[in-house]
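The values are calculated or read from the model by the stated rules, or taken from the named source; none is laboratory data. These numbers come from a predicted model, not from an experiment. So basically every Cβ, Gly included, is an ideal-geometry build from the backbone, and we count neighbours across all protein chains shown.
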Amino acid sequence: MVLEAIEVGDLDSLQRRRIREAIKKYGGDQSLLALADNELDGALGLCRETKGGRRPTIAGLLLLGTEELLRANLPAFEVAFQVLNGTDVRVNEFFRKPLLETFEAVELHFEARVEEEEIDVGLFRVPVPNYDRRAFREAFVNALVHRDFSRLGAVHVKITEEGLSISSPGGFVEGVNSDNLLVADPRCRNPLLADVIKRIGLAERTGRGIDRIYEGMLRYGRGAPDYSMSNEFTVSLQLVNSAADLNFFKMVIDQEKKLGNMPIDSLIILSRLSKEGHLATGDLVPSVQKPVASVRATLHKLVEVGFLQSYGTGRGQTFGLSAGLYSKGSKKSEYIRQAKFNPFQQEQMVLNYIQKHGSIKRADVMDLCYLNQDQAYKLLSRLKKQDRIVQIGLRKGTFYELGH
């Protein structure tokens, strides 16, 4: 849509410099940098030729308009940044500046609330932030770009003791909902604006920014992004402020060094299993948002590379983190700690543990399988009678290895 009543000369020419700086900063389309102002406007679709001369599009007004022009011609455009401590409002800022200027102002407010600790991973010090910067950027940009400008109301960014929330007017676009966010084809309510933001470099060019938001939570061992508060009038995202699982994060970093970035499906599965123990394929389908066959294929790939261990067969088959994976986080016995395993599963757990670590003690069996001292003794005795393990040593020094 072209805004005939606004002339190009009414726009804020300094915002073009801001666009060029953003392209450099975020790795956008470098070919845009050499263009003259009118060529830049045309290439990005910010202005178009009409009978009355060059006039801005809505996307052009959002990026190049003055605050006064935006208030007069696009009254729905507004962004609120709030910081609350209980009922005490610490920050309550509202912005109607051009889109990139607004983004930068909110990003500065957000950055001031990012806290980091550093941990040792191999030979390197790696930062662990309370909020992932790239996930925030993707989420905030999504809210700005995909909001419904026909509805009054601000995009809200709120930080509380519980976490970070971002909400935008207008529900999900047609065909997208909280149950298929990860797999739905990218769809835009404001396609020209979305294309401009991608070319500048602010948003994921593949249209899969939602993956980055999930990755920014899950790789630190935190819970998945929560869109459950969304409805037909608002898209609402909650990022819970929880402590990072440093062992899980170290495991992700270690595996990424060997295999490259971990697919989002794998991260979702590993995250759930690290928190819930053993799960069947069907348990994981809603989280991955793909058909059973696809989830099953991912699970078997994770078994093949040694991330997971499978237990049982057929409909009773379940999956848990492998002992080798969790031993990197100094939690050998926690990799499959879950009660109510059947005797066959208990035997397999013990044998798999010995395969990974060379030996096992009765105390390890008790911790691993949630058994008392007598139950662990009987389990080990049963495996000895089957010649599947051998006892080494006596009394307190006793341990068990695989049979020959």
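Taking the criterion of being assigned to a helix (DSSP H, G or I), at pLDDT 90 or above and charged (D, E, K, R), the residues of region 270-313 that qualify are Arg272, Asp283, Arg296, Lys301. Within region 105-150, the residues that satisfy the criterion of being closer than 19 Å to Arg187 by Cα, part of a loop (DSSP other than H, G, I, E, B) and not hydrophobic (A, V, I, L, M, F, W, C) are Arg147, Asp148, Ser150. Between Leu284, Leu267, the distinction of being closer than 22 Å to Ile213 by Cβ, surrounded by fewer than 22 Cβ atoms within 10 Å (Cβ to Cβ) and under 22 Å from the mean Cα position of the chain (by Cα) belongs to Leu267 only.
I need every pair where a residue in region 251-276 that is closer than 20 Å to Val126 by Cβ and not assigned by TED's automatic domain parsing to the domain that holds Ala224 has its Cβ under 6 Å from the Cβ of a residue that is modelled with pLDDT of 90 or more and in a loop (DSSP other than H, G, I, E, B), sequence separation at least 6 or different chains. Short answer, once both residue conditions are applied: Val252/Arg219. The condition of being over 29 Å from the mean Cα position of the chain (by Cα) and modelled with pLDDT under 95 holds for only one of Glu67, Glu39, Glu49, that being Glu49. Among the residues of region 213-230, not a single one is of a type in the set (Lys, Arg), part of a helix (DSSP H, G or I) and either surrounded by 14 or more Cβ atoms within 10 Å (Cβ to Cβ) or free of Cβ contacts under 8 Å to residues at least 60 places away in the same chain (or both).
Remark: pairs (first residue in region 10-31, not assigned by TED's automatic domain parsing to the domain that holds Lys97; second residue modelled with pLDDT of 95 or more and of a type in the set (Phe, Trp, Tyr); Cβ separation under 9 Å; 6+ apart in sequence or on different chains) = Ala22/Phe103. Cβ-Cβ distances below 9 Å connect the following pairs, each with a first residue in region 341-365 that is more than 16 Å from Gln391 (Cα to Cα), a second residue that is hydrophobic (A, V, I, L, M, F, W, C) and at pLDDT 85 or above, and a separation of six or more residues or different chains: Pro343/Leu379; Gln346/Val365; Gln346/Leu379; Met349/Val365. Taken together, the criteria place Leu44 among residues that are within 26 Å of Arg133 (Cβ to Cβ), aliphatic (A, V, I, L, M) and not assigned by TED's automatic domain parsing to the domain that holds Ala154. Candidates in region 44-84 are the residues that are in a helix (DSSP H, G or I) and in contact (Cβ under 8 Å) with a residue 60 or more places away in the chain; of these, the one that is nearest to Arg199 (Cα to Cα) is Leu44.
Any idea how many residues of region 78-116 are in contact with a Pro (Cβ under 9 Å, 6 or more places away or on another chain) and either loosely packed, with under 12 Cβ neighbours inside 10 Å or not assigned by TED's automatic domain parsing to the domain that holds Asn190 (or both)? Residues flagged as in contact with a Pro (Cβ under 9 Å, 6 or more places away or on another chain) and either loosely packed, with under 12 Cβ neighbours inside 10 Å or not assigned by TED's automatic domain parsing to the domain that holds Asn190 (or both) within region 78-116 amount to 2. Report the residue count in region 328-364 for those that are modelled with pLDDT under 80, farther than 15 Å from Gly277 by Cα and hydroxyl-bearing (Ser, Thr, Tyr). The total comes to 1.
Within region 153-170, the residues that satisfy the criterion of being surrounded by 18 or more Cβ atoms within 10 Å (Cβ to Cβ) and either assigned to a loop (DSSP other than H, G, I, E, B) or touching a Gly at 6+ places or on another chain (Cβ under 7 Å) (or both) are Ala154, Pro169, Gly170. Could you tell me whether any residue of region 15-25 is within 23 Å of Arg137 (Cβ to Cβ) and at pLDDT below 95? The answer is yes, given that some residue of region 15-25 is within 23 Å of Arg137 (Cβ to Cβ) and at pLDDT below 95.
The single residue among Arg208, Arg199 that is more than 19 Å from the chain's Cα centre (by Cα) and either surrounded by fewer than 18 Cβ atoms within 10 Å (Cβ to Cβ) or under 30 Å from Gln30 (Cα atoms) (or both) turns out to be Arg199. Quick check on region 251-261: of everything there that is buried (at least 18 other Cβ atoms within 10 Å of the Cβ) and among the aliphatic types (A, V, I, L, M), which residue is nearest to Tyr220 (Cα to Cα)? Out of the qualifying residues, it is Val252.
What is the residue count in region 231-250 for residues that are closer than 26 Å to Arg125 by Cα and crowded, with 22+ Cβ neighbours inside 10 Å? Of the residues in region 231-250, 2 are closer than 26 Å to Arg125 by Cα and crowded, with 22+ Cβ neighbours inside 10 Å. Residue pairs whose Cβ atoms lie under 6 Å apart, separated by 6 or more positions or on different chains, with the first residue in region 372-396 and assigned by TED's automatic domain parsing to the domain that holds Ser359 and the second part of a helix (DSSP H, G or I) and not basic (Lys, Arg), are Ala376/Val365; Ala376/Met366; Leu379/Gln346; Ile389/Leu383.
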